[in-house]
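S.K.: Here's a structure for you.
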Amino acid sequence: MALLAMPFLTSAQTNNYANGATVANFTVTDVEGVTHTLYNYTSSGKYVVLDFFFDTCGPCQATAPYFNELHETYGCNDGDLICLTVNNGTDSDAEVIAYENTYGGSFNHSPAVSSTGGGGAVTSTFGVSAFPTYCLIGPNNTMIVNDIWPISNMSTFVAAFPAGSNITPTACAVGIDENDVVSFTGVYPVPSQGIITLNVSSRSSSNVTVEVVDVLGQLVATHSFNGRNGSSTQTLDLSNLSDGQYFLKLNAGNQTADTQRIVIAH
């Protein structure tokens, strides 16, 4: 089995697009019936990460949760980053949905394109012959990284972001619209020396978690408390963290409901 898996691990890339090459436009339709056009995203200043896969690919299955974590952390395609999962053309809508349900993890899932939605044509255009292949396309329609690998966690994707891209973690709009149960009403001081005061508004008494992530998307601290219907004040002691920029992710249940940027300067 290990020998069979090796081609997937060693030769994945977009063979038709070297880094720096201009990528051709494409339009696909995901399994939910939503249409996605590459140049519509890039013309809006978005970066685009593509995940080429097929449903019985073991390395694809193993790394799918990290890709969906990226999708959720950076705004569920409503922020600076667009995530799109593209099938190699061998799997139907039903098979792709089953793959996502089985292997996609607990995060909001990236839109997924099956053979019916045009995944096979895009795979051929990009020259992908080994799976998974993850690649990053810039707003100028150029290939930035044609092979993001190996994937050890979400930060592997974040490390591929080019310097100066300013791709920022963002709360998923879907989570806010559907839940609207908890949000930041104040985070101060900014900058701080590490002692942060949070004002939180909640419409639920469920458990609330604040995750602190660095600019690479790595979790560096957590703080949990029991929410209550109304407002509350929480204090975070982050004085042990190095100077720099961090993001606070306010989680209610299994979804991120709000995100705030902080700066620590001792």
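S.K.: Taking every pair of distinct Cα atoms and averaging 1/r, then inverting, what Kirkwood hydrodynamic radius in Å comes out for region 86-210? Can you show the working numbers first?
M.R.: On the way: mean 1/r = 0.0544 Å⁻¹.
It is 18.4 Å.
S.K.: Moving on. Taking 0.36 nm per residue of separation and subtracting the Cα-Cα distance, what length does fully extending N25 through D78 add?
M.R.: On the way: separation 53, 0.36 × 53 = 19.08 nm, distance 2.02 nm.
Taking 0.36 nm per residue and subtracting the Cα distance, the gain is 17.1 nm.
S.K.: Regarding region 13-109, what is the average projected area of its C-alpha convex hull, in nm²? Working shown, then result.
M.R.: Details: hull surface 25.9 nm².
If I average the Cα hull's projected area over directions, I get 6.5 nm².
S.K.: While we're here: No partner Cβ under 4.7 angstrom, meaning no disulfide-compatible partner by this rule: which Cys of the chain qualify?
M.R.: C83, C135
S.K.: I'd like the distance separating the alpha-carbon centroids of region 208-266 and region 120-143, in whole Å.
M.R.: 34 Å
S.K.: In whole angstrom, and with the biggest value first, how far do the Cα coordinates of the chain range along each principal axis?
M.R.: 53, 40, 36
S.K.: List the trypsin sites (Lys or Arg not before Pro) within region 193-260 that DSSP assigns to loop and that have no more than 15 neighbouring Cβ atoms inside 10 Å. Don't skip to the answer; put the middle values down first.
M.R.: Details: sites: R203, R228, K249; in loops: R203, R228.
Passing sites in region 193-260 are R203, R228.
S.K.: Quote the FRET efficiency, to the nearest 0.05, computed for T56 versus S242 with a Förster distance R0 of 51 Å and r equal to the Cβ-Cβ distance.
M.R.: Working: r = 43 Å, r/R0 = 0.84.
Working from the Cβ atoms, E equals 0.75.
S.K.: Further, regarding this structure: Relative contact order of region 179-264, please, whole-number percent, based on alpha carbon pairs below 8 angstrom and at least 6 residues apart.
M.R.: Numbers: 209 pairs, mean separation 30.1, N = 86.
Relative contact order of region 179-264: 35 percent.
S.K.: Please work out the Cα center distance from region 43-83 to region 149-174, rounded to the nearest Å.
M.R.: A separation of 10 Å, based on Cα centres.
S.K.: Hey, another quick one. May I ask for the angle, rounded to the nearest 10°, between helix 93-103 and the longest principal axis of the chain, with both axes built from Cα atoms and the value confined to 0 to 90°?
M.R.: Tilt relative to the chain: about 50 degrees.
S.K.: If you don't mind, another one. Let me have the relative contact order for the chain, percent, based on Cα pairs under 8 Å that are six or more residues apart.
M.R.: Values: 624 pairs, mean separation 50.8, N = 266.
Worked out over the chain, it gives 19 percent.
S.K.: Dipole of region 1-144, Cα-centred, from +1 at each Lys and Arg C-beta and -1 at each Asp and Glu C-beta, to the nearest 20 debye? It would help to have the intermediate numbers written out before the result.
M.R.: Values: 1 positive and 12 negative charges, 96 e Å.
With only Lys, Arg, Asp and Glu charged at Cβ, the dipole is about 460 debye.
S.K.: With +1 assigned to the C-beta of every Lys and Arg and -1 to the C-beta of every Asp and Glu, and no other charges, what is the dipole magnitude of the chain about the Cα centre in debye, to the nearest 20?
M.R.: Working: 5 positive and 21 negative charges, 99 e Å.
Value, rounded to 20: 480 debye.
S.K.: For region 179-264, take every pair of Cα atoms, bin their distances at 5 Å starting from 0, and report each bin as a whole percent.
M.R.: With a bin width of 5 Å, the distribution comes to 3, 15, 29, 26, 16, 9, 2.
A short reminder: the numbers here are calculations on the coordinates, not readings from a lab. This one's a predicted model, so the numbers in the text were calculated from it and none came from an experiment. A quick note on method: Cβ atoms are made from the backbone with ideal geometry, for glycine too, and the neighbour counts reach across all protein chains shown.
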